[in-house]
Structure formats: structure tokens, C-alpha cells
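Notes follow the structure.
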Amino acid sequence: TFILKPSEKDPSCPLRLAELMLEAGAPPGVLNVVNGDKEAVDTLLTDPRVAAVSFVGSTPIAKYVFATGSVNGKRVQALGGAKNHMVVMPDADIEVAAEALMGAAYGSAGERCMAVSVAVPVTDRTADELIEAMTPRIRKLKIGPSTDNASEMGPLVTREHREKVKSYVDLGVKEGASLVVDGRGFKVAERPDGFFLGGSLFDKVRPEMRIYKEEIFGPVLSVVRAKNFEEALALPSDHEYGNGVAIFTRNGDVARNFTHKVNCGMVGINVPIPVPLSFHSFGGWKHSIFGDMNQHGPEGVRFYTRIKTVTSRWREGVNPGANFGMPLMK
């Protein structure tokens, strides 16, 4: 029996999924959807009938879910926040990198755990070329209702979250970052009350800034310039989060060196969002995950199953007597 507790901010799709499961012939009770707030969460985390809990959300809540579930004797995998970096080497195709960044940074309005929120161009020349390529693309973003096939980016999930993301743009300006594209004033004329926000682009962001350290979870891309490969490698490796990272380069040696040394759980080479196929495990490192096993793949199977080991011996008509030594299966 599986219980799905969706976010109270977007509960409709999981309910429809459960209906489709029943229509497809799944027995009642196999998939259950429970809506609610923290009270529902705490019930699932403490009820003795729940054997395991899998969670995806912010890092503070992931820590809470992991601690509460574990102390109540449950197996827990809790995936938290992210600050995914995309390194752009000087030999990369800038047009290809810019197109990749557009989808990775602004797709789903940046509201996904694998969104790229930090671009790390190596050398000022690469940074200038990347920003020059990105700026007109961001300003031409087709923003509108997600039900419109022409839309490239939809609204944010709530009015409150839109205001929170806007406040991060305000903060970036206050911290001294260069705001190249400002999406705060964007409006959709046909939907004046919609929770829309335009894409924003910051340049010359520094690692000590909050807009770099904290997960914004919106259509805001920060550019942190690196002088060389070593400096670019250190940025995602030293960050609090270690979910995903990508590098764009034409040099196989550089790519291999990066994948071996970077301190992140999922790496993409010329792939902006390194989400592996479900045959492989999904999960980051550091404060992006709490628990011993990732989602999907072999580790996902291990998480939702338990090992039972049976040791047996059949010796008909033989009584060897007591054995006080270590059983060596001889």
C-alpha cells in the first residue's frame, strides 16, 4: 500500500493520477492520496503502520522529515534543496550553452529541484559572450498560462511565492550584483491576477551573496565568473547543496577531470539538467539529501523492499550434537 501526500499548493494532479490508476484496473487501496498540511505529515511520520517515508522538498523540511521519521523507527529518504551550477568552458559552443541554459534556468519557471540557477562561465570573455547571447533570449521569453501551447514559461505556484522570488531580486540588487534583465515588472495582460514573473538575470554575483547561497526556486539566473577551471570546480564543490551540476566543453579530458573531482551527486556533460534515466539512481550529496539511499534505480528498489535471509540445514537421521563454535556452514 502506497500513500501519496502531495503539496497542499498543487494537489489536483495526484488526485487525478489516483483516479486513472483505478480506471486502469488497479485494486482499490494500492495507491492512496491524502491531502493536508503539517498535521497530515506528522501523522504519516509517526504512525506505526508506515514503514518508510520518501520526501522531496526544501532542506529545512527534509531535515525535519528525516529526523522525525527516523526517531520513529522508519526508513527515510528525504531530498532537500539545490543550487545547481552549470560551468561553461571557453571552448564551449556559446549558442548551444545559451539555449541549454534557457530551458534549464527558466523551464517550469525555475520551480524544479534540477533547475540550473547558477551559470559559471570560465574567463571574462566567456562570461561576456554568454550574457550577450542570453539577454535577448530572456527578454523574448513567451510567458503565459501553462495550458497555452505557445507558452515557454508559466506562472509561479502562489502569489506568496512570487513575492518571495521578487524579494530575492531586490536583495540581489542590494547586495551589489549587476541586474542585467529584470523580470519583476512583467504582467500578462489577459491574466492580470496571475502569479507571473519575468525571467531575471544577474551578473557578477559573488559566493558570499545570499542570492548565491540560498535556493530561490524561481526564474532567476545568477552568473558567477570564474578565472579558470579550478575556480569553477570549487564553486559547486564548496556549496552547501550538492544536487546536480553540469559542464559544457568540447574537451574530453576536462570533462572527465570535472566529473571525478566535483563534489555533487549528479553530473551532466553538455547536458544542462543531469536527470538520469529511472534505471539509475537519482539523488544529490551534502544538504541536498538526508538518508542512506537515493531514489529510482537499484537503490530505489532497495528502499521500498526489505531483505530477509534464511539459513537452513537438512540432515535426515543425523544428530551431530551441540556445536559451540562459529557456524561456518560446513
Go through segment 94-130 and count every residue that is outside any helix (DSSP H, G or I), closer than 17 Å to Lys83 by Cβ and touching a residue at least 12 places away in the same chain (Cβ under 8 Å).
-> 10
Any chance Ala82 is part of a loop (DSSP other than H, G, I, E, B) and surrounded by 20 or more Cβ atoms within 10 Å (Cβ to Cβ) = yes
Report whether or not Ser178 is among the polar types (S, T, N, Q), in contact with a Pro (Cβ under 7 Å, 6 or more places away or on another chain), at pLDDT 95 or above and closer than 29 Å to Glu95 by Cβ.
-> no
Name the pairs: first residue in segment 300-312 and touching a residue at least 40 places away in the same chain (Cβ under 8 Å), second residue hydrophobic (A, V, I, L, M, F, W, C) and assigned to a loop (DSSP other than H, G, I, E, B), Cβ to Cβ under 7 Å, at least 6 apart or on different chains?
-> Phe303/Met293
The listed residue being in the same structural domain as Ile216 (by TED's automatic domain parsing) and surrounded by 20 or more Cβ atoms within 10 Å (Cβ to Cβ), out of Ala150, Ala105 | Ala105
Look through Met102, Met114 and report the one residue that is over 18 Å from Ala189 (Cβ atoms) and in contact with a helix residue (DSSP H, G or I) (Cβ under 6 Å, 6 or more places away or on another chain).
-> Met102
Find all pairs meeting these conditions: Cβ atoms under 8 angstrom apart; at least six residues apart or on different chains; first residue within segment 181-195 and at positive phi; second residue part of a loop (DSSP other than H, G, I, E, B).
-> none
How about segment 46-78: which of its residues are surrounded by 13 or more Cβ atoms within 10 Å (Cβ to Cβ) and farther than 23 Å from Cys113 by Cα?
-> Thr46, Val50, Ser70, Asn72, Lys74
Which members of segment 249-269 meet the condition of being without any contact (Cβ under 8 Å) to a residue 60 or more places away in the chain and among the hydroxyl-bearing types (Ser, Thr, Tyr)?
-> Thr259
In segment 131-154, which residues are in contact with a Leu (Cβ under 8 Å, 6 or more places away or on another chain) and either farther than 22 Å from Glu190 by Cα or assigned to a loop (DSSP other than H, G, I, E, B) (or both)?
-> Ile131, Met134, Thr135, Glu152
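Condition check ((1) among the charged types (D, E, K, R); (2) within 30 Å of Ala127 (Cβ to Cβ)) across all residues:
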residue	(1), (2)
Pro14	no, no
Ala18	no, no
Leu31	no, no
Phe55	no, no
Thr68	no, no
Lys74	yes, no
Lys83	yes, yes
Pro90	no, yes
Asp93	yes, yes
If you check every pair at least six apart or on different chains, which have Cβ atoms under 7 Å apart with a residue in segment 26-49 that is not assigned by TED's automatic domain parsing to the domain that holds Phe66 first and a residue that is surrounded by fewer than 10 Cβ atoms within 10 Å (Cβ to Cβ) and not aromatic (Phe, Trp, Tyr) second?
-> none
What residue, of Phe290, Phe282, is in contact (Cβ under 8 Å) with a residue 60 or more places away in the chain and within 14 Å of the chain's Cα centre (by Cα)?
-> Phe290
Given segment 206-321, what strands (runs of 3 or more DSSP E) lie entirely inside it while holding 3 or more residues that are at pLDDT below 95 and crowded, with 19+ Cβ neighbours inside 10 Å?
-> none
All strands (runs of 3 or more DSSP E) inside segment 1-61 with 1 or more residues being within 20 Å of Glu111 (Cβ to Cβ) | 2-4, 52-56
Return the only residue of Gly199, Gly185 being within 23 Å of Gly107 (Cβ to Cβ) and either of a type in the set (D, E, K, R) or within 22 Å of the chain's Cα centre (by Cα) (or both).
-> Gly199
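The values are calculated or read from the model by the stated rules, or taken from the named source; none is laboratory data. A quick note: this is a predicted structure, and the numbers were derived from the prediction, not measured. Note: ideal-geometry Cβ built from the backbone for every residue, glycine included; neighbour counts use all protein chains shown.
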